[in-house]
Ligand code: S3P
């Protein structure tokens with residue numbers, strides 16, 4: 001089932017050269033944060049380039065429920081913030097749909113205000129672990145009442161008198177780090193988060209941009225982020241960069257589709273996000289960075305991806321996992337068209353995403369004729385090389401946008417078409433996926449009847 005409606009079965013089949021420019025939408029992580037920090041600032045934040053995917057729209061609605069005004073006029077989103085500590089108690093259940101980022105960050109943002117809020121989501125989100133966030137929020141004085149196993153639906157009672165926290169994240173998760181930092185905003189004194197492995201740092205960059213006092217230091221314990229509580233956040237003009245995680249799909253499609261040459265302009269190459277592109281280049285991909293520059297303090301380039309028939313399987317370093325955690329599904333597709341094994345260790349977080357992504361990909365890849373071995377925190381794909389991947393099966397998307405898009409990319413180069421039972425979830429992160437890909441020449445379609 002799609003996240004918000006009836007299933008949309010989709011098919012993709014062997015395609016001729018992909019060519020042209022792929023203008024992918026705004027970054028999902030940065031879009032959520034723009035709305036949440038905008039809601040916590042005093043005055044009007046204006047955002048352009050916001051990803052208008054369902055996940056982000058659900059966060060916009062949630063911010064309205066907490067008292068912020070959020071409105072789109074022309075191409076710009078206007079967020080009238082209520083200030084740190086200014087959230088009102090919502091009079092309705094907060095439905096975050098499919099979005100783990102949305103719910104976890106919003107829980108953090110409200111946990112140090114003396115209000116209650118009840119959160120729910122779709123079947124995927126309601127099966128995901130929330131204790132990773134509610135455990136540290138309890139240290140601030142917040143209380144959580146959810147289903148067994150720490151699952152949604154869940155009510156959070158925000159702390160009446162929050163205390164600051166020093167917290168070492170037990171899992172490499174930017175969502176957990178961000179929830180703690182957002183909670184720390186309304187706690188007096190210094191909140192400290194320590195992460196052993198660096199995860200995406202958009203919250204830190206954006207908090208500093210909104211005027212919070214925040215420092216990051218690398219130490220023997222890991223990365224130590226210190227935030228001074230109770231700042232007055234100043235509204236910002238935000239231009240959301242394009243999403244490298246969405247760019248991954250047209251890039252990988254071009255690499256495995258004969259004769260392709262695709263330009264994906266304006267992609268953020270923040271080192272905490274760009275691991276996939278490094279990995280693809282190590283596999284021998286013809287992927288170049290053009291027009292490298294800096295925009296808004298972030299490295300940006302236009303990516304050019306060309307058909308790469310001689311890809312090799314590689315060992316992906318585990319320390320790179322956090323910088324490409326959302327890209328393993330589509331990497332496993334590229335690995336199927338490489339020669340030899342691609343081994344991906346250190347990835348147990350993949351098991352608690354929108355779906356268990358190792359299991360979802362392994363089952364679909366095996367059905368499509370590719371050998372996959374897996375353990376709790378690793379998997380290995382046996383590449384067959386270009387021109388020798390059978391395909392010809394229907395796979396389950398499991399309410400997971402990236403699983404659906406990965407198998408649709410795969411079908412562009414398999415011998416027989418690939419079918420996905422439900423492409424509906426694609427709208428959560430990449431609503432223009434289908435027209436963008438068909439515009440490049442990809443044969444991707446909805447199945448009717
Ligand atoms: C995100 C963090 C990652 C990622 C997700 C977006 C974020 O999750 O998978 O798509 O915006 O902070 P984890 O923090 O759970 O690794």
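The values are calculated or read from the model by the stated rules, or taken from the named source; none is laboratory data. Computed from a prediction, not measured in an experiment: that's the story for all the values here. Neighbour counts are summed over all protein chains in view; Cβ atoms, including those assigned to glycine, are modelled from backbone coordinates with ideal geometry.
When the test is whether a residue is within 18 Å of residue 128 (Cβ to Cβ), modelled with pLDDT of 95 or more and within 16 Å of the chain's Cα centre (by Cα), residue 55 passes it.
Has the range 151-173 got at least one residue that is touching a helix residue (DSSP H, G or I) at 6+ places or on another chain (Cβ under 8 Å), over 25 Å from residue 202 (Cα atoms), in the same structural domain as residue 202 (by TED's automatic domain parsing) and within 16 Å of the ligand (Cβ to nearest atom)? Scanning the range 151-173 turns up at least one residue that is touching a helix residue (DSSP H, G or I) at 6+ places or on another chain (Cβ under 8 Å), over 25 Å from residue 202 (Cα atoms), in the same structural domain as residue 202 (by TED's automatic domain parsing) and within 16 Å of the ligand (Cβ to nearest atom).
Residue-wise test of (1) in a helix (DSSP H, G or I); (2) in contact with a strand residue (DSSP E or B) (Cβ under 7 Å, 6 or more places away or on another chain); (3) closer than 30 Å to residue 77 by Cα.
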| position | (1), (2), (3) |
| --- | --- |
| 212 | no, yes, yes |
| 223 | no, yes, no |
| 227 | no, yes, yes |
| 235 | no, yes, yes |
| 245 | yes, no, yes |
| 254 | yes, yes, no |
| 259 | no, no, no |
| 272 | no, no, yes |
| 277 | yes, yes, no |
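Taking the criterion of being crowded, with 22+ Cβ neighbours inside 10 Å and within 15 Å of the ligand (Cβ to nearest atom), the residues of the range 184-200 that qualify are 193, 195, 199, 200.
Residues of the range 327-349 that are within 13 Å of the chain's Cα centre (by Cα) and either more than 19 Å from residue 426 (Cα to Cα) or surrounded by fewer than 24 Cβ atoms within 10 Å (Cβ to Cβ) (or both): 349 alone.
Residue 122 - would you say it is outside the structural domain of residue 355 (by TED's automatic domain parsing), surrounded by 19 or more Cβ atoms within 10 Å (Cβ to Cβ), more than 24 Å from residue 42 (Cα to Cα) and away from the ligand (no atom under 12 Å from the Cβ)? In short, yes. Only one of the listed residues (207, 263, 255) is buried (at least 23 other Cβ atoms within 10 Å of the Cβ) and in the same structural domain as residue 307 (by TED's automatic domain parsing). That residue is 255.
Only a single criterion out of (1) surrounded by 22 or more Cβ atoms within 10 Å (Cβ to Cβ); (2) out of contact with any helix residue (DSSP H, G or I) (no Cβ under 7 Å at 6 or more places or on another chain) is not satisfied by residue 108, namely (2). For first residues located in the range 200-211 and more than 14 Å from residue 235 (Cα to Cα) and in contact (Cβ under 8 Å) with a residue 24 or more places away in the chain, partners that are outside any helix (DSSP H, G or I) and within 11 Å of the ligand (Cβ to nearest atom) and lie 6+ apart or on another chain with Cβ distances below 6 Å form the pairs 200/272; 200/273; 201/272.
Can residue 85 be described as at pLDDT 95 or above and within 16 Å of the ligand (Cβ to nearest atom)? Break it down stepwise before answering.
Details: at pLDDT 95 or above: yes; within 16 Å of the ligand (Cβ to nearest atom): no.
Spelling it out, it is not the case that residue 85 is at pLDDT 95 or above and within 16 Å of the ligand (Cβ to nearest atom).
Only one of the numbered conditions (1) over 24 Å from residue 252 (Cα atoms); (2) within 14 Å of the ligand (Cβ to nearest atom) is not met by residue 42, and that is (2).
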